[in-house]
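This report concerns only the one structure given below.
The values are calculated or read from the model by the stated rules, or taken from the named source; none is laboratory data. The shown structure was predicted, so the numbers you read here are calculated from the model rather than taken from an experiment. Please note: Cβ atoms are built from the backbone with ideal geometry, for glycine as well, and neighbour counts cover all protein chains shown. Note: accessible area is taken over every heavy atom of the protein model, side chains too, but ligands, DNA and RNA are not part of it. Shrake-Rupley method; radii C 1.70, N 1.55, O 1.52, S 1.80 Å.
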Amino acid sequence: MRTSLSALCAAFLASMYFRSYFGVVGPLISDELALSPVEFGWLASAFFGSFALLQVPVGIAFDRFGVRWPMASMMIVGAAGSALLGSSSGFLSAFAGQVAIGIGCAPIFSVLYYLGRLHSPDKAGRLAATVSSIGSVGALISASPLSFFTAEWGWRAACWTAAAMMSGCALSIALSLRQTPPARSALQTTEHGTWRLPHLLYLVPICFTLSLGGTFRNAWAGPYLTDVFGQGTNVGAVLTAVSVFGIATSFVLPFALLRWRGRRIVTATYVVGVLSALLLAFSPDASIFAASAGLAFLYAMGNVHPVAMTEAQALLPNQVRGIGLGALNTLVFLGVSASSSVFGALAELHFSAAATYGLIFGATAMALAIALAVYVVCRPKAIAV
């Protein structure tokens, strides 16, 4: 069991690394390959697009074949994608590499699936939290350590090294994970009564915007900071601080849930996110410290992902729980992919740097505000979480 937990931790760490690494290597790739802002936006969104579109198919594969072989096979594809990106000479090959990396990271939700099939819900939750906490170090590795590595050996060497890391993770998954039992076939109702699809619709805007702040940490923070505050800005240090804040707040969340209901935490988080985006929209060039704080708050919004998924689980019967959660998880990453592409289109308008990023943060504030309004107004009153 310890071996399988170690393999899951390593896989989760690799996934967190690849979710965030583009914030450091993306601008370097863009400069060397002479990408336009639109191409940069598409390249940044390719990982999240393929990641998102595979969530439901991966869930179906887990139900049919178990976790071990689908996960190991897809991680091999991800390793090949990282190697392809490191060898790319133009946009198309780089885009294909990013898509393949997204395929390799798509099965990471197997952590909850796998542990939930082998253990009681309470024990599975504790083990999943442990795996998530250790794996979140991947976001730190993709900040200052990655900046140092690319400064010394270049972004291509970083991609090849990550490919080797992903291959090792795939091997450990294949060798250590046990076969999971088959999915339950009996249709059950939730503790709140008969399941109805419309009950979940209020979560759609929330899921679509949950990781919107992560779009900046994962791709657009680098261009924003260097365009607005100058090429000498220590982007790696800012991204490290943002990552540390995000990880620290993730450890606070379980204690907050002991005192407040998940609904209040999600609502408060979105209020803070809207305010942070508005402040950056009106004053994107106020100071590097204000920019770092705003980016940190927006990035930390993603920590309420499990709280929102807990609400969804309360409304889903066991028979369709995997597909339902996979569908909602698809929206999370489609939101990241879509927002990065929209940001690229806005950057192509050729305004001043401050005006461009003010517009981008303004669009972010609007999307978060709409999601918050739908969540507060349309949320079913009977949900206790």
Query raised in the report: Restricting attention to the range 200-247, and to residues there that are touching a Lys or Arg at 6+ places or on another chain (Cβ under 8 Å) and among the hydrophobic types (A, V, I, L, M, F, W, C), which single residue is surrounded by the most Cβ atoms within 10 Å (Cβ to Cβ)?
Result: 239
Query raised in the report: Does residue 326 satisfy being assigned to a helix (DSSP H, G or I), modelled with pLDDT of 75 or more and within 30 Å of residue 223 (Cα to Cα)?
Result: no
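I'd like to check something: does the range 272-284 contain any residue that is at pLDDT below 80 and open to solvent by 30 Å² or more (accessible area, probe 1.4 Å)?
Keep residues of the range 272-284 that are at pLDDT below 80, which gives none.
No, every residue in the range 272-284 fails to be at pLDDT below 80 and open to solvent by 30 Å² or more (accessible area, probe 1.4 Å).
Please work out if residue 125 is at pLDDT 75 or above and part of a helix (DSSP H, G or I). It would help to see each step written out before you state the result.
Numbers: at pLDDT 75 or above: no; part of a helix (DSSP H, G or I): yes.
No: the conditions fail for residue 125.
Which of the following residues is of a type in the set (A, V, I, L, M, F, W, C) and more than 18 Å from the chain's Cα centre (by Cα): 106, 100, 72?
Values: 106 fails: more than 18 Å from the chain's Cα centre (by Cα); 100 fails: more than 18 Å from the chain's Cα centre (by Cα).
None of the others qualify; the one that does is 72.
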**Report entry** Index of the failed condition, residue 188 passing every other in (1) surrounded by fewer than 17 Cβ atoms within 10 Å (Cβ to Cβ); (2) touching a helix residue (DSSP H, G or I) at 6+ places or on another chain (Cβ under 7 Å); (3) at pLDDT 65 or above
**Finding:** (3)
